1. Describe numerically, in nm with one decimal, the distance between label points set 7 Å from Cα along Cα→Cβ at residue 187 and at residue 242.
2. Taking 7 Å along the Cα-to-C-beta vector as the label spot, tell me the residue 273-residue 178 distance in nanometres, rounded to one decimal.
3. Sorted by mean Cβ packing within 10 Å, highest first, what order do the peptides 153-159, 217-223 take?
4. So, in nm, how far is label residue 324 from label residue 159 when the simple model puts each one 7 Å beyond its Cα toward the Cβ?
């Protein structure tokens, strides 16, 4: 990689320099590689922080601490900024967060997965300053049991989906929260998590996000959110991403959903800079305490071009299964 370039030469007086210990650098004398970490402390003042023993991961940039080497290397090593940037990005999980660690795709499937999921979540976001003249003031005939509920994000939902360690920002932002307030949702608190079945690169990912508080009219919230989604879908993103809604939102009533309004909408996505086209199905529910959406993607099929939108009834059953797991009574 870049360690064969001129930057290490100034430290030629110190053969065991840590740059000679990189996997691609055979010219560091093997018998002296271990003590080499100490030498930079007497070298140029810019080197000590990077040459200290507590960072042995530099000797194993592709197996030890994958997210650090590109950033932890001394500033005198321009190789990482000049010699093809693609390999380190394709090998590191940092860009894909929980979905990355890809060796295969040229740009890193983790990075692509992050872009894919981000495009989906961006469309579901409500948008700023929108007032919806939507129907109903009686909750749309939704049964109200008088209890208060909250949204929690347990380790497992819908039987098989396991919570990831992904801490990416997701769900509703502050603008969305303000808009929800105009729709009659008060004292709202956010809750969001990502779930996964299988491998982080090619598995099935499930985004769950919502709020809980007091919802005056569940049907009005569902109608309003899908109305704004329709407006947002007509816009092209700065990166050229487009969204095409397929038909109209479908009202669905899976078993046990008599106390909430739920609708699902199929959407086709086109992400030109990744050369990706894929469909998916977004489901949204609202009851008198909670508002949330679910969207599932098979990452492997999205990347190889074979993804299909989940049928409405199946997507609704999944959303209802998630709702049973994340919606729990609020302690008095």
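What follows draws every value from the coordinates through simple rules; no lab data is involved. Small disclaimer: the values here were computed from a predicted structure and weren't measured. Reconstructed Cβ throughout: ideal geometry from the backbone, glycine too, with neighbour counts over all protein chains shown.
1. 4.6
2. Each label point is offset 7 Å from its Cα along the Cβ direction, giving 2.7 nm.
3. The most tightly packed comes first, giving 217-223, 153-159.
4. Label at residue 324, label at residue 159, 0.9 nm between them.
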